[in-house]
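Please see the structure below; I have some questions.
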Amino acid sequence: MLHNFLKKLYNLIYFSIVKVIFTTKYTITMQTFFLFLAKWIVVFFGIFITITGFVMLFQPAKARSILRKAGSTNFINYTEITLRLIPAFGLIYYAEVSKYTLFFQLFGWCMLLTSLVLYFVPRNLHHKFSNKSAAILKPSYFQLIAPFAFLLGSFIIYCVV
């Protein structure tokens, strides 16, 4: 099943690249390139959200321990915040050509603004918040939330592909 999924994903990426190259007669503008790049960033973000849902469903204790690590060290804190910026920019940039422009813009801007705020929040406060959240969210709660991650990830992919 995973093999078939990866094969379909490979074909989708490959034929998208071929389509971009051959439909533009080898003259790719910067806008076309950035739209193409934003599209695949958003697709991989959707896949990441879906995989996160599987982790929450099948290994909720692991999901909880990952949540506890948020902000635990400077490296984890700033890596997490910086990596959040990549799909945020992708969502904002690709919003105009997606199926639900307003959703992509709002979601992207929310991610971007919360990431920028987290840059200025002391790391210890961020870590305390993640620990409090992990204490509230029992493993069974992660399993209840998991279908929403599936829906969100699938919806993001649907809006792009």
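Starting from the Cα-Cα distance between ILE86 and SER154, subtract it from 0.36 nm times their residue separation and give me the gain in nm to one decimal.
Computed gain between ILE86 and SER154 is 22.6 nm.
Connecting C-alpha atoms closer than 10 Å in a GNM of the chain, tell me which of ILE28, ILE47, ILE92 has the biggest fluctuation.
Highest fluctuation among the options: ILE28.
Could you identify which residue out of PHE120, PHE54, PHE36 has the top mean-square fluctuation in a GNM of the chain using Cα springs shorter than 10 Å?
Judging by the Gaussian network model, the answer is PHE120.
Evaluate the relative contact order of the chain (contact order divided by residue number), counting alpha-carbon pairs under 8 angstrom at least 6 apart; express in whole percent.
37 percent
For ASN74, what is the net charge nearby, where nearby means another residue's Cβ is under 13 Å from its Cβ and Lys, Arg count +1, Asp, Glu -1?
Residues near ASN74 contribute +1 overall.
Further question on the same structure: For a Förster distance of 22 Å, can you work out the FRET efficiency between the beta-carbons of ILE136 and ILE76, rounded to the nearest 0.05?
0.60
Please report the base-10 log of the normalised intensity I(q)/I(0) for region 22-161, using a Debye sum with one equal scatterer per alpha carbon and no solvent, at each q in 0.14, 0.15, 0.18 (1/Å).
Result of the Debye calculation: -0.74, -0.83, -1.10.
Can you tell me which of ASN11, ASN77, ASN124 moves the most in a GNM of the chain? Springs connect C-alpha atoms under 10 Å apart.
Taking springs between Cα atoms under 10 Å, the residue moving most is ASN11.
Provide the gained length on full extension for the span THR114 to PHE129, in nm with one decimal, where the gain is 0.36 nm per separating residue minus the Cα-Cα distance.
4.0 nm
What pairs in LYS8/LYS99; LYS8/LYS128; LYS99/LYS138; LYS7/LYS99 have C-alpha atoms more than 32 Å from each other?
From LYS8/LYS99; LYS8/LYS128; LYS99/LYS138; LYS7/LYS99, over 32 Å: LYS8/LYS128; LYS99/LYS138.
Another one. Along the Cα→Cβ direction, 7 angstrom out, place labels at LEU37 and LYS62. What is the inter-label distance in nm?
Going from the LEU37 label point to the LYS62 one covers 3.2 nm.
Read-outs throughout are calculated quantities, based only on the coordinates presented, and are distinct from any laboratory measurement. Predicted, not measured: the structure shown is a model, and the values here were computed from it. Glycine also receives a Cβ, built like all others from the backbone with ideal geometry; neighbour counts cover every protein chain displayed.
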